[in-house]
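Colleague: A single structure is presented below for examination.
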Amino acid sequence: MSTAEELDTIGIDRLREIGSVKWSVFPEAIGAFVAEMDFPIAPAIAAAVRDAVEGGLTGYLPAAVRQRMSEAAARWQQDRYGWEVPAQRIRPVPDVLTALRATIDFFTAPGSSIVLPTPAYMPFLTIPAMHDREIIEVPMLIQDGRAVYDLEGIDRALADGGGLLILCNPYNPLGRVFERAELEAVAEIVDRHGARVFSDEIHAPLVFAPHRHVPYASISAVTAGHTITAASASKAWNLPGLKAAQVILTNDADVETWKRPEVSWAEHGTANLGVVATTAAFDDARDWLAETLDYLDGNRRLLGDLLAEHIPGMGYRPPEGTYIAWLDARELGIDGSPAEFFRTHAGVAMTDGIACGAAGEGFLRFILATPRPVIEQAVRQMAAALRAHADADGASADL
Ligand SMILES: Cc1ncc(COP(=O)(O)O)c(C=O)c1O
């Protein structure tokens, strides 16, 4: 059987049995709201984790094991994006959000605001407040149907007290993979303000041809000088529960700062099994990723075809990267939250765009990393709910 045929056969009953967050929070609904993949992990990763457990690697994280992940991550960055980073500058952290918290605390001017292009990945909107920081939202602009940075807005936000710009590339939830020139334009502004960038590149392995991921810090000495990069195998190989990610440091001053015990404490909690799994992902599960990306490529197209056929009023542009679809429900005639409407009336649980900032109102986030028959069922259920809604409206208009 081909990969696609195998993945197509994974049914909803099986997914509920596994009981991931996606399939257990709303037991009555198709889970499409959290960025988890519904596919079995790569055999090479499963074998590496099994070997680690059976070999007794369940104590604290040994330096040699940690070092192997940094080296594998360095090889990945070099082979995949042509970015040469010394392994000793790739530090382990349990997850990308820990990296963000450390960046806010130790790499930005005290009290400075966080500049956030929106719609944004939901925790970016909640974490700054935990660090007594304000957020300046800068809604993305739409140009020829494509989301682009509002460079003047970013400039103004940095002038208004912004100290850190959060870049998410590839972009959750908009699916953009930014081109070098776009990133260069951002870099010029950040540099002019002496600000910093947190470049979240967790979705970097998930890019569809002909798009190419450009690591922001790799662009120039200027971007290397003002950026903390966060990377991880956790989205592309579905390992977020194993707790391992990487912070990539790209200038001497940041390397020195990271050495301070209160800063490198961010490494604490990185899990052996995550480190082992990540090493296997970067080194030994590249073919698995290529096959999975092919399947996801089919999924993003399939969703477009299904929406065109069954819900033509729903706006959708297939993502250039990530397995996240950003759906525009504003023309569907739904009063109130579209996510609530579809969860209650269609049995499809998605993220409401409003959770991604004011710019997301009327939109939905739908996770595409699921078997194709599940996508088809979700769209059919949504279309049926909209028809019933329209019929009910028609009936009440006739009264
Ligand atoms: C853009 C982005 N950053 C960070 C995360 C969370 O990553 P982690 O579990 O490593 O904190 C996600 C999860 O979906 C994400 O999409």
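FYI, it's all coordinate maths here, none of it is from the lab. All of these numbers come straight from a predicted model, not from anything done at the bench. Neighbour counts run over all protein chains shown; Cβ positions are idealised from the backbone, glycine included.
Colleague: Using DSSP to define loop residues, name the GluC sites (Glu not before Pro) in the range 72-154 whose beta-carbon has at most 15 other beta-carbon atoms within 10 Å.
Modeller: Values: sites: 84, 134, 137, 152; in loops: 84, 134.
Passing both the DSSP loop test and the Cβ count: 84, 134.
Colleague: Oh, and also: Who wins for biggest fluctuation among 305, 352, 144 in a Gaussian network model of the chain, springs between alpha carbons below 10 Å?
Modeller: Result for the chain, Cα springs under 10 Å: 144 fluctuates most.
Colleague: On to the next question. Which whole-Hz ³J(HN,Hα) couplings does the range 308-322 yield from phi under the Karplus relation 6.51 cos²θ - 1.76 cosθ + 1.60, θ = phi - 60°, glycine and proline marked x?
Modeller: 4, 7, 9, 9, x, x, 8, x, 7, 10, x, x, 7, x, 6
Colleague: For the range 118-193, what does the convex hull of the Cα positions come to per residue, in cubic angstrom? Please report the intermediate quantities before stating the final value.
Modeller: Working: hull volume 6.4 nm³, N = 76.
Per-residue hull volume (Cα only) is 84 Å³.
Colleague: As a footprinting exposure proxy, order 132, 105, 38 by other Cβ within 10 Å, with the fewest listed first. It would help to have the intermediate numbers written out before the result.
Modeller: Working: 132 9, 105 14, 38 21.
Arranged by neighbour count, lowest to highest, 132, 105, 38 become 132, 105, 38.
Colleague: Still on this structure: When the expected Rg is taken as 2.2 N^0.38 Å, what fraction or multiple of it is the alpha-carbon Rg of the range 12-87? Could the numbers behind the result be given before it?
Modeller: Numbers: Rg = 17.5 Å, N = 76, 2.2 N^0.38 = 11.4 Å.
Cα-based Rg divided by the globular estimate yields 1.54.
Colleague: Here's something else I'd like to know. If you place +1 on the Cβ of every Lys and Arg and -1 on the Cβ of every Asp and Glu, how big does the dipole about the Cα centre of the chain come out, in debye to the nearest 20?
Modeller: 780
Colleague: Another question, if that's okay. Give me the percent of DSSP beta bridges within the chain that run antiparallel, rounded to the nearest 5. Present the calculation step by step, with values, prior to reporting the outcome.
Modeller: Numbers: 21 of 40 bridges.
Antiparallel bridges: around 50 percent, rounded to the nearest 5.
Colleague: Using θ = phi - 60° and the Karplus relation 6.51 cos²θ - 1.76 cosθ + 1.60, list the HN-Hα couplings for the range 171-183 in order, rounded to whole Hz, with x at every Gly or Pro.
Modeller: Working through the residues one at a time gives 8, 8, x, 8, x, 6, 10, 6, 7, 3, 4, 5, 5 Hz.
Colleague: Could you give the C-alpha radius of gyration of the range 254-399 expressed as a fraction of 2.2 N^0.38 Å, taking N as the number of residues it contains?
Modeller: Details: Rg = 20.8 Å, N = 146, 2.2 N^0.38 = 14.6 Å.
So the range 254-399 has a normalised radius of gyration of 1.43.
Colleague: Residue by residue, what Karplus-based ³J(HN,Hα) values in Hz, rounded to whole numbers, does the range 26-41 have, using 6.51, -1.76 and 1.60 with θ = phi - 60° and x for Gly and Pro?
Modeller: Residue by residue, the range 26-41 yields 10, x, 8, 10, 5, x, 9, 10, 10, 6, 10, 9, 8, 10, x, 6 Hz.
Colleague: Using the number of other C-beta atoms within 10 angstrom as an exposure proxy, rank 211, 131 with the fewest first. Display every interim value, and only then the final one.
Modeller: On the way: 211 16, 131 13.
Ranking 211, 131 by Cβ neighbours within 10 Å, fewest first, gives 131, 211.
Colleague: Starting from the Cα of residue 259, draw a straight line to each of the lysines and keep only those under 25 Å, dropping any in the same chain fewer than 8 residues away.
Modeller: Answer for residue 259, where 25 Å is the Cα cut-off: 243, listed by chain and number.
Colleague: Calculate how steeply helix 272-284 sits against the longest principal axis of the alpha-carbon atoms of the chain, using the helix alpha-carbon long axis, and give the answer as 0 to 90 degrees to the nearest 10.
Modeller: It is inclined by approximately 80 degrees.
Colleague: Only counting other Cβ atoms within 10 Å, I'd like 25, 85 sorted with the fewest neighbours first.
Modeller: Exposure proxy ranking, most exposed first: 25, 85.
Colleague: Right, next: Using all C-alpha to C-alpha distances in the chain, build P(r) with 10 Å bins and read off the rounded percent in each one.
Modeller: 5, 23, 31, 26, 12, 3, 1, 0
Colleague: Order 231-242, 327-338 from most to least packed using the mean count of other Cβ atoms within 10 Å.
Modeller: The packing order, highest mean first, is 231-242, 327-338.
Colleague: Next question, about the same structure. Nearest 10 degrees is fine. How inclined is helix 372-398 to the longest principal axis of the chain, computing both from alpha carbons?
Modeller: With both axes taken from Cα atoms, the answer is about 50 degrees.
Colleague: Right, something else. Once the convex hull of the C-alpha atoms of the range 251-298 is built, how many Å³ does it hold per residue, rounded to a whole number?
Modeller: Output value, Cα hull per residue: 128 Å³.
Colleague: Another question, if that's okay. Tell me what the chain gives for mean residue ellipticity at 222 nm when only DSSP H runs of n ≥ 4 count, each as -39,500 (n - 2.57), the sum divided by the residue total, rounded to 500 deg cm²/dmol. The partial results should precede the final answer.
Modeller: Details: 16 runs with 184 residues, N = 399.
Rounded to the nearest 500, it is -14000 deg cm²/dmol.
Colleague: Given H placed 1.01 Å from N in the peptide plane, which residues other than close sequence neighbours of residue 93 have an amide H under 5 Å from its amide H?
Modeller: Amide H neighbours of residue 93: 245, 246, 247.
Colleague: Would you calculate the volume per residue, in Å³, of the smallest convex hull containing every Cα atom of the range 332-372?
Modeller: Taking the convex hull of the Cα positions in the range 332-372, it is 83 Å³ per residue.
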